[in-house]
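Below is one structure, written out as structure tokens; comments come after it.
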Amino acid sequence: MTADTALSNSSQDVAQDGIVAELYAQFGAEAFTLQPTLIGMPVVWAAREQLLDIMKFLRGVPRPYVMLYDLHGVDERLRMHRDGLPKADFTVFYQLMSLERNSDIMLKVALSEADLRVPTVTGIWPNANWYEREVFDMFGIDFPGHPHLTRILMPPNWNGHPLRKDYPARATEFDPYTLTMEGQDKAQEALRFNPEDWGMQRRTEETDYMFLNLGPNHPSAHGAFRIVLQLDGEEIVDCVPDIGYHHRAAEKMGERQSWHSYIPYTDRVDYTGGVMNNLPYILAVEKLAGIKVPARVETIRIMMAELFRISSHLLFLGTYLQDLGAMSPVFFAFTDRQKSYEVIEAITGFRMHPAWFRIGGVAQDLPKGWEGKVKSFIDWMPKRLNEYQRAMMDNAVVRERTKGVAAYTTREALEWGVTGPNLRATGFEFDLRKARPYSGYENFEFEIPVAHNGDAFDRGMMRIEEMRQSLRIMQQCLDNMPAGDYKADHPLTTPPPREKMLQHIETLITHFLQVSWGPVLKANESQQMIEATKGINSYYLTSDGNTMSYRTRIRTPSYPHLQQIPAVMRGGFVPDLIAHLGSIDFVMADVDR
Amino acid sequence: MQYKLTRIDPNTPTDQQYPIGQRGNVDDPMKQQVHRNVFMGKLEDVLNAGVNWGRKNSLWPYNFGLSCCYVEMTTAFTAPHDVARFGAEVIRASPRQADFMVIAGTCFIKMAPVIQQLYDQMLEPKWVISMGSCANSGGMYDIYSVVQGVDKFLPVDVYIPGCPPRPEAFLQGLQLLQDSVQEERRPLSWVVGDQGVYRAEMPSQKEKSRAERIQVTNLRTPDEV
Ligand code: SF4
């Protein structure tokens, strides 16, 4: 969806959309309220009582909505601009994805503060489980029928629901943190795993199960991630992933930073993805602002995003092979990453978190001589990739460790909300850059690599192939970099072009306001999904006509990927779990945000 | 040189806040009267310096990472930066075998008791490097789930600024830790002498390089690579 088509999306167009007509035919038009937004998909409000029927209908309709892409809540109590929307104190929204239609639908349910309950949809989509727990944790909304409704991000003994509007954001609004010996014991005790809580047995007639706690600090857990294994010898009978050790409250942060000053926080969500994270946020803001950026900006953005994709995949490759027991690849991969950083630093001035994209452009034009840097990187990489493939992926030990390990099918992947290379490893060709091109990807020639077995080996191979394609895209950026401005000529471009500042007092004042308070965006909602390094990442922004976002929802790919682990690992062995963890490619900031 | 003394009482009441241990500023214990004996004093000096030299050149890091900063820390461990030059390449996966812990990343309230536990499991002598703004002060995350600086409960030896600090900055931090280890006074054994740990008050790096930094008037423009 490009900015043009998104902007023309009025409610009339949406009602013509196939699915809304189908819903009307099934449930009657009076059952729904249609909300006009810039999200680029029909947004319909429905009654709580009908929710499950509608969900089942959408799941079973011809060309069905096979994936629950996102589910979260909004605290509507302080929202000023709600014209024409059903009365609500809180909202729970569901975004469903149909791959055959290549389109989505968003369903919203209004709730009143006195009765914060929505029936669980875990019976229809298993991956609703964690999302509903998170909504419970963050808003205190109850989901009757949920198999295990407990906190997920905050510690079990936490007070309050952080995403509510009356919950303070800053740590400095609370008493300074202290830890006593007693407090430490208590907190550790609260984390103790109790199998009965999860409906697990400690023993059967034949065996006593062993419960093994892995994490929250473990070298192959890739950060602060914990998973508790129920073991029968080496075999994993069941397991329970436990997250929330890396919750930096990026969503709450969006409600207190200006549209502009939130950009650096996006870098730190998928922290190996650098400016790739800026992209969905910036594109969503630009939809709200109605900015169309010059072709040069689009191309620069794509080039940098693909460069970060390579750097992230290299990190993946090094650690994936290290988890399988190979020491040296990580040294090679980091040498290559250093090369990529040379380019990134030359262009953006920083390494990991450049925060370099801006509303309506990028921070700066490409520096003189950038071509040489990019070219030397593009020349360097292919032979290295071949070497990785020969030395590692053709290596008998690696193949033995990963072939057929932790395999899942496309159907299972969709059921759990798996996207990105992990989905494509199952043989399903779905890449947003092709399916729903954004930021000018439609102008590039590249292929979407797919594999077929959906196992740990294929997931590794996918990354190598993807790096080759990214190099191809970068080469095209290098060959065809359009001339022109690095910023859009638009009143909401932030920071505004400096040349325009010093002409008269008017321009100076606007410049000053926009830099100090930041731009004010019209009340509306928008969203942008992108094919990020690890899968589909999206920012769903609600503006209430202010300098800050009213609600920022970040849907990250790693979250469902971790939720899926038990479904994949039941019956596997402990070393297979390590291979699987290595092959998922997740960072905890991308899970807990 | 001024020293900071830590002496941990095994009978500390459990409502005591971390970091545990009495602290006070004292003069160099080696310069005190008892050590003034010409012969014994020299011997002790040499012994101390020798032991510290050994300690500082084989610091084993604990493989512990919290978030983004950890990526830059690992970068420092790999080939392009090669931490082995400083004798700190023996990364340990168990806190019991490690000498120092780098708090590389954001310290979350949910994680803090776990960090404390891991720190407690490390054996003396042990040190802590706080890497990155998050670990130093909460950094850009002044938010409900983040502890505003790991020094709220851990004793930190070196702070590395940056978000994230470059791998080179980590290496500099490591060398600063080495310098400070060289100046330390610790018991040579758990039965010999005073059981306090005396950490030297090292000079502030900011002050040290101020004059030089203030000299810089022209910065290279970023318009050219
Ligand atoms: S200091 Fe910056 S780079 Fe380091 S963990 Fe915090 S946010 Fe990440």
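Values for this structure:
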item: Restraint check, A:K339/B:K126; A:K186/B:K56; A:K292/A:K373; A:K434/A:K522, Cα-Cα greater than 32 Å; result: A:K339/B:K126; A:K186/B:K56
item: Those chymotrypsin sites (Phe, Trp or Tyr not before Pro) in the range A:142-177 that DSSP places in a loop and that have at most 12 other beta carbons within 10 Å; result: A:F174
item: Per-residue SASA entry for A:R468, accessible area with 1.4 Å probe, Å² rounded to 10; result: 60
item: Positive dipole terminus of the protein assembly as shown, leading residue within A:F512, A:P557, A:F139 (C-beta point charges); result: A:F512
item: Separation in nanometres of the label points that stand 7 Å from Cα toward Cβ, at A:E345 and A:E196; result: 5.8
item: Accessible surface of B:C134 - all protein chains present, 1.4 Å probe, nearest 10 Å²; result: 10
item: Exposure ranking of A:S583, B:S189 by accessible area [1.4 Å probe, largest first]; result: B:S189, A:S583
item: Hz values of 3J(HN,Hα) by residue in the range A:384-395 - Karplus curve (6.51, -1.76, 1.60), Gly and Pro given as x; result: 5, 4, 4, 5, 4, 5, 5, 6, 10, 6, 8, 6
item: Ranking by accessible area, most exposed first, for A:M80, B:M202 with a 1.4 Å probe; result: A:M80, B:M202
item: Estimated vicinal HN-Hα couplings, Hz - the range A:495-505 in sequence order (Karplus 6.51, -1.76, 1.60; Gly, Pro = x); result: x, x, x, 5, 4, 7, 6, 9, 7, 8, 4
item: Semi-axis lengths, Å, the range A:270-332, gyration tensor of Cα atoms, sqrt of 5 times eigenvalues; result: 34, 12, 5
item: For the range B:50-106 versus the range A:457-475, the gap between their alpha-carbon centres in whole angstrom; result: 32
item: Descending Cα extents along the principal axes, the range A:3-139, whole Å; result: 36, 35, 30
item: At R0 = 22 Å, FRET efficiency that the Cβ-Cβ distance of B:E168 and B:D142 yields, to 0.05; result: 0.20
item: Farthest positive-ward along the protein assembly as shown dipole, Cα basis, beta-carbon charges - from A:H161, A:M481, A:W45; result: A:M481
item: Cα-derived Rg to Rh of chain B, Kirkwood definition; result: 1.00
item: A:W45 accessible area, 1.4 Å probe, all protein chains in place, Å² to nearest 10; result: 0
item: For the range B:161-175, Karplus couplings with θ = phi - 60° (6.51, -1.76, 1.60), whole Hz, Gly/Pro x; result: x, x, 9, x, x, 5, x, 5, 5, 4, 5, 5, x, 4, 5
item: Descending principal axes extents, the range A:348-444, alpha-carbon based, whole Å; result: 48, 34, 26
item: Cα convex hull volume per residue for the protein assembly as shown (Å³); result: 186
item: Under 17 Å from A:K368, Cα to Cα: aspartates and glutamates that are on another chain or at least 8 residues apart; result: A:E342, A:E345, A:D479, A:D485, B:D223, B:E224
item: Estimated distance in nm for a label pair at A:E371 and B:R85, the labels positioned 7 Å out from Cα along Cα-to-Cβ; result: 3.5
item: Shielding by other protein chains, B:64-73, mean Cβ within 10 Å; result: 6
item: Distance in nm between pseudo-label sites at A:E30 and B:Q205 (7 Å out along the Cβ direction from Cα); result: 7.1
item: Cα-based Rg / Dmax (Å) for the range A:490-593; result: 21.6, 72
item: Candidates B:T74, B:T14, B:T106, ranked by Gaussian network fluctuation over chain B, Cα under 10 Å, top entry; result: B:T14
item: Per residue solvent-accessible surface (Å²) - the range A:3-139, probe of 1.4 Å; result: 37
item: Accessible area, probe 1.4 Å, largest first, for residues A:F27, A:F331; result: A:F331, A:F27
item: 10 Å Cβ neighbours from other chains, averaged over peptide B:95-107; result: 1
item: Carbon plus sulfur fraction of accessible area for the range A:3-139, probe 1.4 Å, in percent; result: 51
item: Charge dipole (debye, nearest 20) of the protein assembly as shown; +1 at Cβ of Lys and Arg, -1 at Cβ of Asp and Glu; result: 1440
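The values are calculated or read from the model by the stated rules, or taken from the named source; none is laboratory data. Worth saying up front: this structure is predicted, and the values here are computed from it rather than measured. Cβ atoms come from the backbone with ideal geometry, glycine included; neighbour counts cover every protein chain shown. All accessible areas refer to the heavy atoms of the entire protein, side chains included, with ligands and DNA or RNA removed. Shrake-Rupley method; radii C 1.70, N 1.55, O 1.52, S 1.80 Å.
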